[in-house]
Amino acid sequence: MKTANKAQTTQAMDALKAIYDRRAVREYTGVHPSRETIRELLDAAVQAPSAMDLQPWEFVVVQNA
């Protein structure tokens, strides 16, 4: 059996923390994220696996009510 190194254990714990700490946002502050933040989120989103690696992503960024 392989043993996990410290970095792998830390990554696993970070993933579990993200899963357990998730929440649904139902109220918004009205503060708009910067273009840089939006770009970082989109860059992270395309890292998700896709069926048969087809990468059929479409993202819509709505910036006004």
First compute the accessible area of the chain with a 1.4 Å probe, then give the percent of it belonging to carbon and sulfur atoms. 56
Per the helix-only model, the chain has a calculated mean residue ellipticity at 222 nm (DSSP H runs of ≥4, -39500 (n - 2.57) each, divided over all residues, rounded to the nearest 500) of -12500 deg cm²/dmol
Given a 1.4 Å probe, the accessible area of the chain per residue, as a whole number of Å², is 106
Which of rounded, prolate or oblate describes the chain when judged by the alpha-carbon gyration tensor and an a/c cut-off of 1.5? oblate
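Between the DSSP loop rule and a limit of at most 12 other Cβ atoms within 10 Å, which trypsin sites (Lys or Arg not before Pro) in the chain are left?
Lys2, Arg22, Arg23, Arg26
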What FRET efficiency would be calculated for the residue pair Glu40, Lys17, taking the C-beta separation as r and a Förster radius of 22 Å, to the nearest 0.05? 0.70
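The values are calculated or read from the model by the stated rules, or taken from the named source; none is laboratory data. Computed from a predicted structure; not experimentally measured. FYI the Cβ positions are ideal-geometry reconstructions off the backbone, even for glycines, and counts take in every protein chain you see. Ligands, DNA and RNA are excluded from the accessible area calculation, which covers all protein heavy atoms including side chains. Shrake-Rupley method; radii C 1.70, N 1.55, O 1.52, S 1.80 Å.
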